[in-house]
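Reviewing the structure listed below.
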Amino acid sequence: MILGITLLVFLVLQAAPGDQASSALGEGASEEAKQQYRQENGLNDPLVIQYFRFLGRLLQFDLGVTTPPAKSVASMIGSAFPLTLQLTFLGVLIAIVLSLTFGIMGALYRDKWQDQLVRVFSIAAIATPSFWLGILLIQWFALGANPLFPSGGIATPESGFGGWLNSMALPALALGIPVSASLIRVVRTSMVEELDRDYVRTAIGNGVPYREVVSKNVLRNALVTPVTVLGLRVGYLLGGAVVIEMIFALPGMGQLILNGITNLDVNLVQGVVLTISVTFVLVNIVVDLLYLLINPRIRTV
């Protein structure tokens, strides 16, 4: 999968409009200088040779340098990626808390007013784009005479954990709430299916407390499908984090990829996209391993 990602990213950027030599040297550069740049950087070679040269650099963890002024792409990603991971982690945490709380409540109070309220919230959240929600959160909580949160930027190290959390709260909410909506419906459906199974009625009939059956059996069995969906939604969270970072002026991967696309910096765009894609693949591997903890019966299959 990672090999396919490298091929797709390479081909898409090769087909992108614009000229790398012109972006690196400027539109005012002479044609001779542009031709020399293409020759020195192998841009005149066939695409197959360029691709395998690109793979060879990747095997050495060499992502190249940016267009002048030349900077190491790996070092730039190393500075920006931790912030994107922090934002994604907080978004995942918010999505998990909301989905478990409302999904379980909707299943336990099936077809009652609590369940109807959960449905309204999930439908509204699904229909809300994260970037629009981010703008609304800024208007509601970051503007006015007494703002509760900053409208953008990241707190300095001197602010401590409280300052960092304060600056990341609104971006994380804008990222996590839309994702939680789909997870709420999955958790509710899985819980309802488990609650209707024979073993639940048998356990309750034998005198096992209802709360114990739900917490120790139903919830654990119902989490397999939501964990699968959450692993797939991590890709959305990583991509959404890039957009949210631009709205809240966070110096993460969003700023890097925007600069790379604007300047037609192929190395920078390739590095950012590959880093996010490989992270998504690794997260789904971790999700597959979590199945063993949630459902030990898979070990014997």
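The values are calculated or read from the model by the stated rules, or taken from the named source; none is laboratory data. Keep in mind that what you see is a predicted model, and the values were worked out from it rather than measured. Glycine also receives a Cβ, built like all others from the backbone with ideal geometry; neighbour counts cover every protein chain displayed. With ligands, DNA and RNA removed, areas are computed over all heavy atoms of the protein, side chains included. Shrake-Rupley method; radii C 1.70, N 1.55, O 1.52, S 1.80 Å.
Per-residue answers, yes or no, for (1) closer than 20 Å to PRO178 by Cα; (2) aromatic (Phe, Trp, Tyr):
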{"residue": "ILE77", "(1), (2)": "no, no"}
{"residue": "LEU87", "(1), (2)": "yes, no"}
{"residue": "GLY91", "(1), (2)": "yes, no"}
{"residue": "PHE102", "(1), (2)": "yes, yes"}
{"residue": "LEU108", "(1), (2)": "no, no"}
{"residue": "ARG119", "(1), (2)": "yes, no"}
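Which is at pLDDT below 85, farther than 16 Å from LEU237 by Cα and part of a helix (DSSP H, G or I), of GLY160, GLY144, GLY152? Outline the logic, then answer.
Numbers: GLY144 fails: part of a helix (DSSP H, G or I); GLY152 fails: part of a helix (DSSP H, G or I).
Being at pLDDT below 85, farther than 16 Å from LEU237 by Cα and part of a helix (DSSP H, G or I) holds for just one of GLY160, GLY144, GLY152, which is GLY160.
If you check ILE49 against the conditions, is it of a type in the set (Val, Ile, Thr) and under 28 Å from the mean Cα position of the chain (by Cα)? Let's see the steps before the verdict.
Working: of a type in the set (Val, Ile, Thr): yes; under 28 Å from the mean Cα position of the chain (by Cα): no.
For ILE49, the condition - of a type in the set (Val, Ile, Thr) and under 28 Å from the mean Cα position of the chain (by Cα) - is not met.
Could you tell me whether region 98-114 includes any residue that is closer than 27 Å to GLY254 by Cβ and touching a Ser or Thr at 6+ places or on another chain (Cβ under 9 Å)? Break it down stepwise before answering.
Initially, region 98-114 is screened for residues closer than 27 Å to GLY254 by Cβ, giving 98-99.
Within this subset, residues satisfying the condition of being touching a Ser or Thr at 6+ places or on another chain (Cβ under 9 Å) are 98-99.
The answer is yes; a qualifying residue exists.
Using the structure shown, decide if PHE61 is of a type in the set (Phe, Trp, Tyr) and either surrounded by fewer than 12 Cβ atoms within 10 Å (Cβ to Cβ) or not in a helix (DSSP H, G or I) (or both). Spell out the reasoning first.
Working: of a type in the set (Phe, Trp, Tyr): yes; either surrounded by fewer than 12 Cβ atoms within 10 Å (Cβ to Cβ) or not in a helix (DSSP H, G or I) (or both): yes.
So PHE61 fits the description; yes.
Any idea how many residues of region 170-187 are open to solvent by 10 Å² or more (accessible area, probe 1.4 Å) and aliphatic (A, V, I, L, M)?
Summing the residues that are open to solvent by 10 Å² or more (accessible area, probe 1.4 Å) and aliphatic (A, V, I, L, M) in region 170-187 gives 3.
Would you call ALA124 farther than 26 Å from ILE247 by Cβ and small (Gly, Ala, Ser)?
Numbers: farther than 26 Å from ILE247 by Cβ: no; small (Gly, Ala, Ser): yes.
Criteria not met by ALA124.
Which of the helices (runs of 4 or more DSSP H) found entirely inside region 1-48 contain at least 1 residues meeting this: open to solvent by 50 Å² or more (accessible area, probe 1.4 Å) and farther than 18 Å from GLN270 by Cα?
On the way: elements: 2-15, 20-25, 31-40.
Filter on region 1-48 gives 20-25, 31-40.
Could we say that GLY205 is among the small types (Gly, Ala, Ser) and closer than 30 Å to ARG57 by Cα here? Spell out the reasoning first.
Working: among the small types (Gly, Ala, Ser): yes; closer than 30 Å to ARG57 by Cα: no.
It is false that GLY205 is among the small types (Gly, Ala, Ser) and closer than 30 Å to ARG57 by Cα.
Restricting attention to region 194-206, does a residue exist that is part of a helix (DSSP H, G or I), at pLDDT 80 or above, charged (D, E, K, R) and open to solvent by 50 Å² or more (accessible area, probe 1.4 Å)?
Here is the first cut: in region 194-206, the ones part of a helix (DSSP H, G or I) are 194-195, 198-205.
Then keep just the ones that are at pLDDT 80 or above; that gives 194-195, 198-205.
Applying the additional criterion that residues be charged (D, E, K, R) yields 194, 198, 201.
Keeping just the survivors that are open to solvent by 50 Å² or more (accessible area, probe 1.4 Å) gives 198, 201.
So far as region 194-206 goes, yes, one or more of its residues are part of a helix (DSSP H, G or I), at pLDDT 80 or above, charged (D, E, K, R) and open to solvent by 50 Å² or more (accessible area, probe 1.4 Å).
This table checks each residue for (1) open to solvent by 30 Å² or more (accessible area, probe 1.4 Å); (2) in a helix (DSSP H, G or I); (3) aliphatic (A, V, I, L, M); (4) touching an Asp or Glu at 6+ places or on another chain (Cβ under 6 Å).
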| position | (1), (2), (3), (4) |
| --- | --- |
| ALA74 | yes, yes, yes, no |
| ALA80 | no, yes, yes, no |
| GLN86 | yes, yes, no, no |
| LEU90 | no, yes, yes, no |
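Scan region 115-138 residue by residue and report those that are within 15 Å of SER167 (Cα to Cα) and without any contact (Cβ under 8 Å) to a residue 40 or more places away in the chain.
LEU137
Tally up the residues in region 98-114 that are assigned to a helix (DSSP H, G or I), of a type outside the set (Phe, Trp, Tyr) and free of Cβ contacts under 8 Å to residues at least 12 places away in the same chain, please. Write out each step before concluding.
Initially, region 98-114 is screened for residues assigned to a helix (DSSP H, G or I), giving 98-108, 113-114.
Checking the rest, the ones that are also of a type outside the set (Phe, Trp, Tyr) come to 98-101, 103-108, 114.
Then drop every residue that is not free of Cβ contacts under 8 Å to residues at least 12 places away in the same chain, which leaves 101, 114.
Total satisfying the criteria: 2.
Pairs under 6 Å by beta carbon, first residue under 15 Å from ALA80 (Cα atoms) in region 147-166, partner hydroxyl-bearing (Ser, Thr, Tyr) and open to solvent by less than 60 Å² (accessible area, probe 1.4 Å), six or more apart or different chains?
Final answer for the pair search is ILE154/SER167; ALA155/SER167.
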